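Step one of this worksheet: look at the structure below.
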Amino acid sequence: MESSRKFAARSGEPVAARRRVSDTAFALSALAFDVVVVLGMSIVSGAAYKLSAGGTLGHLSPYVLAGLLTGLLYAVPFFVLELAPHALHTNTARDTLRLFGVWTFANFVLTLAIPYMHAADTMPIEWSTLFYAVGLFALSGSAPVIATTRARLVAVGLLRGRRVMLVAHASEIGAAAAIADSRNDGLDVVAIEALPSAEGRQAILKALDDIAESARTLAVDDIVIATEGLSELAAAEAIARLSAMPVAIHVQAPMKLGRSGDMRVAHIAEVFALTVAAPPLEPLQRLAKRLFDVVVASAALIALSPMLIVIGLLIRATSDGPALFRQTRRGYNMREFRIWKFRTMTTMDDGADVLPTVSKEHRVTWFGRYLRRFNLDELPQLINVITGDMAIVGPRPHATGEDVLFAQWITAYTHRAKVRPGITGWAQVNGCRGRAATVQAIRARVEHDLHYIENWSMMFDLYIIVLTVFSPKAYRNAR
């Protein structure tokens, strides 16, 4: 792997040293620019209509309000659903259809809202038609402007391109390095990793574990697997192992594929690749979920602070030891963090020494049993949410020793780490909690967690939060 380390040092500075604007920040700025464009077109079309109808401008405030409303209606779907073109996946025809569809939707809602704005006289069908036409024209023109601006920002080093790792057979390292040197498209190839092919399966798996650890250390966004020279076993294992990470995985195609139905093709530097895995949440979706988590956790800490103080005092009064303690858990992308909990036991085990809790556990204090029964021992994890180690909703983190065991039982277990772990989750509100003593028990838990990851939405998070408080299943098997 020496070649990859040399290339990483040559091709980019350490992650911590970077102070450039991210693609997510640029995408938000682009959405704000589109809102300004819509606002401007609303005012321009309003002024044009009033001049043609009466010869005077008069008040333009109704058009300002209409422009802001329509601009937000246009921007929100792109923000929530991540419909904006991905930096690696572009399809001009599809992007044009999306723009047309969202703009039409925004104008349809505006038409329904006009009667409630008491502006029917200043916004007749003639103005609506003019606004729709000039707005569509302006937004279609803003797309290449934004793309050109992004390219220029990347060229001068003000915008951080997506961090890419290339994985290739040892014999293809030279060709991969030549591709990496052609970096004028905004991508940042930070490492090239060599993968054996003719060696045994264990050697391949060991190399893939090292590659995954390197990808986590370098905080890559995309991994490109060049299958040229790899055996079928090596290619299959590379896809299976690396797909467990919360990054986009692409398989390099040996030739330009062009259009192929609905096949997802990525153009990365000089390579055409098939995208076989993608992060469950796009950048703007992650930002929306993170903002939701911070707001909810902060409000909950403030609102529940009297109760938290009382619980802490009762723990100190009823048993020896501190009220709070911390344990090591694995979170997003299998990174370790320290989880906060109310102490409910006479012991404070950590690491590989943590033993699973069983029914009628003698280590649990009498007051701790009540805290566990009503899930109150988890409330200090609101601190972990604010610090970014956890989310309000997500797969529950297990003790590190259990992680190793469960990963041996269930192949897809590590896929849970594609999102931040949560204080509550879809598995917990469906009764999958407590000790997972059998393969069937942990499989059911993993299936629920993967269902949540694959079907995430803000409404799904809210639904799980409601079930956590009110559903009897959420308290089942509490120990």
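The values are calculated or read from the model by the stated rules, or taken from the named source; none is laboratory data. As the structure is a prediction and not an experimental result, all values here were calculated from the model. Ideal geometry is used to build each Cβ from the backbone, glycine not excepted, and the neighbour counts take in all protein chains shown.
In this structure, does residue 417 turn out to be within 15 Å of residue 280 (Cα to Cα) and either modelled with pLDDT of 90 or more or in a helix (DSSP H, G or I) (or both)? Yes; evaluated as a whole, the condition is true for this residue. Under 7 Å between Cβ atoms, which residue pairs at least 6 apart in sequence (or on different chains) link something in the stretch 375-392 that is on the phi < 0 side of the Ramachandran plot with a partner that is hydroxyl-bearing (Ser, Thr, Tyr) and assigned to a helix (DSSP H, G or I)? Between residues of the stretch 375-392 that are on the phi < 0 side of the Ramachandran plot and residues that are hydroxyl-bearing (Ser, Thr, Tyr) and assigned to a helix (DSSP H, G or I), the close pairs are 386/298. One residue stands out among those in the stretch 215-242 that are among the small types (Gly, Ala, Ser) and buried (at least 19 other Cβ atoms within 10 Å of the Cβ): the one that is farthest from residue 163 (Cα to Cα), which is 234.
Check the stretch 445-456 and report whether any residue there is on the phi < 0 side of the Ramachandran plot and either modelled with pLDDT under 85 or not in a helix (DSSP H, G or I) (or both). Yes, because at least one residue in the stretch 445-456 is on the phi < 0 side of the Ramachandran plot and either modelled with pLDDT under 85 or not in a helix (DSSP H, G or I) (or both).
For the stretch 192-245, the set of residues classified as of a type in the set (Val, Ile, Thr), free of Cβ contacts under 8 Å to residues at least 60 places away in the same chain and assigned to a strand (DSSP E or B) consists of 223, 225, listed by residue number.
Of all residues in the stretch 290-339, those satisfying the criterion of being among the aromatic types (Phe, Trp, Tyr) and not in a strand (DSSP E or B) are 292, 332. Only a single item in (1) modelled with pLDDT of 85 or more; (2) under 32 Å from the mean Cα position of the chain (by Cα) is not met by residue 176, and it is number (1).
I'd like to know if the stretch 77-100 contains one or more residues that are surrounded by 14 or more Cβ atoms within 10 Å (Cβ to Cβ), modelled with pLDDT of 85 or more and in a helix (DSSP H, G or I). Within the stretch 77-100 (the criterion being surrounded by 14 or more Cβ atoms within 10 Å (Cβ to Cβ), modelled with pLDDT of 85 or more and in a helix (DSSP H, G or I)), the answer is no, since none of the residues qualifies. The set of residues in the stretch 33-62 being modelled with pLDDT under 85 and closer than 29 Å to residue 149 by Cβ consists of 60 alone.
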